[in-house]
1. Can you name the condition, by its number, that Phe460 falls short on among (1) touching a residue at least 40 places away in the same chain (Cβ under 8 Å); (2) hydrophobic (A, V, I, L, M, F, W, C); (3) closer than 25 Å to Gly285 by Cα?
2. How do the pairs read when you match residues in segment 868-895 that are more than 29 Å from Ala922 (Cβ to Cβ) with residues anywhere that are assigned to a helix (DSSP H, G or I), using Cβ under 7 Å and keeping only pairs 6 or more apart or on different chains?
3. Quick one: how many residues across segment 377-425 are on the phi > 0 side of the Ramachandran plot and surrounded by 17 or more Cβ atoms within 10 Å (Cβ to Cβ)?
4. Kindly indicate whether any position in segment 887-905 is modelled with pLDDT under 85, over 36 Å from the mean Cα position of the chain (by Cα) and crowded, with 21+ Cβ neighbours inside 10 Å.
5. Looking at segment 99-115, is at least one residue modelled with pLDDT under 90 and closer than 26 Å to Lys192 by Cβ?
6. Only one of (1) surrounded by fewer than 24 Cβ atoms within 10 Å (Cβ to Cβ); (2) of a type in the set (Gly, Ala, Ser); (3) in a helix (DSSP H, G or I) fails for Gly317. Which number is that?
7. From the list Ala490, Ala477, which one is without any contact (Cβ under 8 Å) to a residue 24 or more places away in the chain, closer than 30 Å to Leu190 by Cα and surrounded by 14 or more Cβ atoms within 10 Å (Cβ to Cβ)?
8. Have a look at Ile464, Ile512, Ile520, Ile499 and point out the one that is of a type in the set (Val, Ile, Thr), outside the structural domain of Thr51 (by TED's automatic domain parsing) and outside any helix (DSSP H, G or I).
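The values are calculated or read from the model by the stated rules, or taken from the named source; none is laboratory data. A quick note: this is a predicted structure, and the numbers were derived from the prediction, not measured. Glycine gets a Cβ as well: all are built from the backbone with ideal geometry, and neighbour counts include every protein chain shown.
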Amino acid sequence: MLVALIVLPFLGSIVSAFILNTTSRDLPVSVAGVVTGLCFLLSALAYPFVTDGNVIRHEIEWLPQFGLNLTLRMDGFAWIFATLIGAIGFLVVLYARYYMSEEDPIPRFFSFLLAFMGAMLGIVISGNIILISVFWELTSIFSFLLISYWHHNAAARDGARMALTITGIGGFCLLIGMLLLGNITGTYDLDKILASGDAIRAHPLYLPTLIFILLGALTKSAQFPFHFWLPNAMAAPTPVSAFLHSATMVKAGVFLLVRLWPALSGTYEWFFLLGIAGILTLLLGAYFAMFQQDLKGLLAYSTISHLGLITTLLSLGSPLATVAAIFHMLNHATFKASLFMAAGIIDHETGTRDMRRLTGLFRFLPITATLAMVASAAMAGVPLLNGFLSKEMFFAEAVETHADSWLDRILPYVATLASAFSVAYSLRFIHTVFFGPKPKDLPKPHPHEPPHWMRFPIEFLVVICLIVGVAPAFSIAPFLSTAVESVLGAETPQYSLAIWHGFSLPLLMSAIALVGGTLIYLALRRYLLTCEDGPPLFRRLRGQRIFERVLVTVSWRWARWAESRLGTRNLQPQLRWIVAVGFLYGLLPLWASGFEARPFTFTGVDPAFAILWLLGGALSFGAAYLAKYHRLAALVMLGGVGLVVCTTFVWLSAPDLAITQLLVEIVTTVLILLGLRWLPKRNAEIPDQMTIRARARRFRDLILAICCGVGMSFIAFAVMTMPVPDAIATYFLENAYSQGGGRNVVNVILVDFRGFDTMGEIAVLGVVALTVYALLRRFRPAPDSIALPEQQEMQNRFDRERPERSPGDTVRDYLLIPSIIMQWLFPVVITFAVYLFMRGHDLPGGGFSAGLTMSIAFLLQYLAGGTRWAEDRIRILPLRWMGMGLLTAMATGMGAWLLGYPFLTSHFQYVELPLVGKVPAATALLFDLGVFLLVVGSTVLILVALAHQSIRINRLRAQDAVRGEEA
């Protein structure tokens, strides 16, 4: 059930992404509606299993030895949030069906929305704190895509970038905090962490852990001083705003605070840091909301204020305050989602959200206006509505003494003042928009009620606000109790959700807030009709302006300063820095831990082997000496060094390494040759006179190269003389066949015992190939490399003089015999690649070697016929090969989960084939297939990037010829 709850939204997102953009919205809406409806149904069906403090738990082993498992857990608190996400998600999908324009790419919208929903559900039901961090970042990414959905709008792009920057930095801080939390407790399992509260609070790392986790939570929930990103996110479509402000995204921060409340709360640091942020957000958000002219801007700042209210409650460290915080989360979700949808209807029907132009809409939108007024009253805390109940609980906790500090003493006054502001901006929303004279000069001059099903989500949520407000004990109390007990456990206090508790100080505070808010609105009413957008005293203090200035300072001043001191466009200084930093990082551990020379026995050297290595050393020296002026000669010598290494592997009985080394030498040598073709020519003669500066630079590079070379030799010597337990080698030798199903121990280690490492390596290889391709796409050959080689130019001149040559003739006389041989070798090399792949589990070979061999086959075709000839005949899409390779490797690993084994656990058995008999079959072969596909795709992608330089040059030659004829 929990796995389905996570997988369904992402699966629906993929399906929606592949729906063709058509004018019909029914298909993508149906997919999104079915997915959200199923998620709600699955959550609802789980309720009997989470009552009385019970927890549904499902654990999928990932890296159990490191405590990194895909643990999913649902308790009462996670259940109520998952149900809320599914229910409001379904209503938002229904609302978006009528709100979104037919001109919008609807499938893409629902694809992003479902993926965002899946990420939020992942946060809610994750039972591993590292997994929480992963889904946390996914919500930031998908919210960025949703906010920038109308990317033609500059405000949408700016708001999305701001949201991603702020929440992304907060997510990075959260990851650090989670790692520290795991270091304190020795586990990443959420249940064990929640049970270790005393040990966490007493640990020396508690304060930095708390600070990093609070940074993640406060940035996500738009708390002061990170509140400014949320109003700028209002450029998103209104369905996104309704979903983001009610049950997802901004609720993630306060959800995490409640989730970790048993482990982190109860200290003065928790009270002070969280209390300062919450009180300032509560007050400033409400104050800013009163002076907003944009309808969604008012609602955005009201969301910030209400989230500040929840944060303030959680800071108190009181179980009863936590009950009030959870209750207000639920109430806020219902009335805020309905208000945003009502604001979307107003914008949809009038064409504007400017409240200075909106007036008297009640006569045009009577039903929508009534619904919006009820929801606004719930937001203001009017009795007999759900917002009143949780705000009463907030007032009751505000007057209690939780800590003997000024922060606790001012809380009742701040709470009353912020609530009065809440009443004021709610009254302004109601009175300004729906009452008064008829509107004039609206972009859409004839507003009317929307279709019923567009209004239905608001009706449903408003009815819930009324039912909870009138009969809380029968409607919400059982569900709230389930959520509270799962968080507080034995600390769950006695509380009552009755409407009437008699005359009390909290009731008096509510009355003061209602009367005071009304008076504030009446006093400011005329001013608000003509004032600029933004609050007095803070009008010039705009978050977006501050954010942009910070970005400019960091990216322009600091980054440019660092670039001017450390950066260069020349390759040699960049390599110098890379090598120097690598050398220092390798030296520091040895310097810190010390190194003792270990004795070793000198058994003599075979003369032939010594001559081989002397030859390799001479070739290495020659390649380094000639690299600057004789690139081809240096490359030939470097290839000779590779052959010496290959022969060494054969000499030392390592055939797998020898085959891989040989194939790597072939592929890299050809690719480097293709790259050298487009580099500018260098002077082959070394000048006799060199400046002192040039000699010093060369001497410095020589010293650095010697140090790094000696350092690598030192490390290799340390590794080879290090005493290694025989148990390691014995284990692999004894278990390679019995557990991995292969006699080639090296290959079994790579695709079975250390398959996770191999998957990381092929992922890195894919990233490198994409990076090289991206760089070469913008690379333009040097002017002096454009001329054809002399032999090829003579052949082309001869071809032009032959009248019998047809334009479509693809046979080239230039290097005719080698070209034909290379073309004939294509099926031979492919057959050899398949042979290496199939034998790799028992004999030298495997997916990596086979992939390199297959790449050589494509290399030969490009060399034989040229880029256009090869691509006209060979249909290869390297990006798809890379994607299929990575997906195949991951699918092989995840297949073990279906049988209850950890990720990448392999299975081996003999399979009976007709006419063949028993043949060995291992799931690791599929993983090796993924390696094969990704290696081929990555190599060919680099080949394509290099080969396409010739197409660009032909285009340049044609342009030059046209210019010459015109001249």
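1. Phe460 satisfies every listed condition except (3).
2. Filtered contacts from segment 868-895: Ala870/Gln861; Ala870/Tyr862; Ile874/Phe858; Ile874/Gln861.
3. As a first pass, look at segment 377-425 and keep what is on the phi > 0 side of the Ramachandran plot: 381, 384.
Adding the requirement that they be surrounded by 17 or more Cβ atoms within 10 Å (Cβ to Cβ) leaves 381.
Matching residues across segment 377-425 total 1.
4. So far as segment 887-905 goes, no, none of its residues is modelled with pLDDT under 85, over 36 Å from the mean Cα position of the chain (by Cα) and crowded, with 21+ Cβ neighbours inside 10 Å.
5. no
6. Of everything listed in (1) surrounded by fewer than 24 Cβ atoms within 10 Å (Cβ to Cβ); (2) of a type in the set (Gly, Ala, Ser); (3) in a helix (DSSP H, G or I), Gly317 misses just condition (3).
7. Working: Ala490 fails: surrounded by 14 or more Cβ atoms within 10 Å (Cβ to Cβ).
Testing whether each residue is without any contact (Cβ under 8 Å) to a residue 24 or more places away in the chain, closer than 30 Å to Leu190 by Cα and surrounded by 14 or more Cβ atoms within 10 Å (Cβ to Cβ) leaves just Ala477.
8. Of Ile464, Ile512, Ile520, Ile499, the one residue that is of a type in the set (Val, Ile, Thr), outside the structural domain of Thr51 (by TED's automatic domain parsing) and outside any helix (DSSP H, G or I) is Ile499.
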